[in-house]
1. Which residues in segment 31-56 place their backbone N less than 20 Å from a point set 7 Å from the Cα of Met80 along the Cα-to-Cβ direction?
2. Once every DSSP H run of n ≥ 4 in the chain is given -39500 (n - 2.57) and the sum is divided by its residues, what mean residue ellipticity at 222 nm do you get, rounded to the nearest 500 deg cm²/dmol?
3. Taking 0.36 nm per residue of separation and subtracting the Cα-Cα distance, what length does fully extending Glu110 through Ser27 add?
4. Which far-off residues, 5 or more places away or on another chain, put their amide H under 5 Å from the one on Glu207, with H placed in the peptide plane?
5. Which value, in debye to the nearest 20, describes the size of the charge dipole of the chain about its Cα centre when Lys and Arg Cβ atoms bear +1, Asp and Glu Cβ atoms bear -1, and nothing else is charged?
6. Over the chain, calculate the relative contact order: mean separation of alpha carbon pairs under 8 Å at least 6 apart, over the residue count, as a percent.
7. Out of Pro54, Pro218, Pro37, any idea which swings most in a Gaussian network model of the chain, alpha carbons joined below 10 Å?
8. Work out Dmax and Rg for segment 4-230 from the C-alpha atoms and quote the Rg first, both in angstrom.
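Any read-out appearing in this document is the output of simple, stated calculations on the displayed coordinates, not a laboratory observation. On a predicted model such as this, the values are computed, not experimentally measured, just so you know. Every residue, glycine as well, gets a Cβ built from its backbone with ideal geometry; the counts of neighbours run over all protein chains shown.
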Amino acid sequence: MFPLRIAGLRFAPEGRPVLDGVDLELSGEGITVILGPNGAGKTVLLRLLAGLLPAAGGTLAWGGSPLPDGRLAMVFQQPMLLRMSIFTNVEFALRPQALNAAERRRRAQEVLERVGLAGRARDCARLLSGGERQRLALARAWAMRPRLLLLDEPTASLDPSATEQVERIVREIRTEGAKVLMTTHNLGQATRLADDIVFLAAGRVQEHAPAQRFFARPQSPAARAYLQGELPWRIAFDR
């Protein structure tokens with residue numbers, strides 16, 4: 001699937017450009033965080049990569065192939081859960097894969113233990129708190145053993161404790177070999193998790209840089225203005 005090369009990617013519903021020629025290359029390692037102002041097209045970009053929206057133009061090359069190899073999962077800001085048990089939500093997601101029932105059950109049990117929900121496996125998923133729902137959504141994706149995990153604002157409405165738990169899980173998924181591509185408005189989270197930053201504005205990638213360099217020395221005027229506007233203090237960038 002990698003490198004993932006995105007060239008001239010466009011999305012323009014009703015003729016209104018949201019993405020207007022995105023060019024980007026991503027390796028298969030680490031956590032890439034997409035930053036940008038509201039309306040920059042961050043979520044749209046994830047949905048295009050997941051095949052949930054049709055592009056108006058441009059190309060995607062997945063390691064030289066026009067299509068990913070199927071090892072791709074996405075977790076939404078508000079995950080959709082089945083009106084079934086926590087365990088069944090994970091096991092059901094594995095049914096399209098070529099796994100026997102015993103292996104599906106084993107994988108489901110394993111990931112539920114790792115996200116701290118094994119003790120509630122028989123409870124109805126709809127009874128979970130916001131943080132627990134997001135951990136279940138991550139478990140469901142993790143069980144699929146994705147090569148690429150797309151996360152759209154995974155902690156947007158969570159308290160600090162729940163956010164810390166989700167971040168721990170994301171790091172573990174990364175450690176096991178998945179590439180993580182995520183959006184967030186939480187700059188503290190970006191500094192904690194990101195290996196590299198993609199800054200998106202005006203429908204295009206304005207900057208793609210290692211995280212430490214991006215926060216210390218953003219190169220584009222748009223990124224500098226964004227960081228100064230989002231942080232609750234004035235920031236002096238390294239030169």
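1. Those under the cut-off are 43-55.
2. Numbers: 8 runs with 83 residues, N = 239.
Using -39500 (n - 2.57) per qualifying helix, the result is -10500 deg cm²/dmol.
3. On the way: separation 83, 0.36 × 83 = 29.88 nm, distance 2.81 nm.
Gain in length upon complete extension: 27.1 nm.
4. Those qualifying (amide H under 5 Å, at least 5 residues apart or on another chain) are Phe199.
5. So the dipole magnitude of the chain works out to roughly 420 debye.
6. Result for the chain is 26 percent.
7. It is Pro54.
8. 17.8, 55
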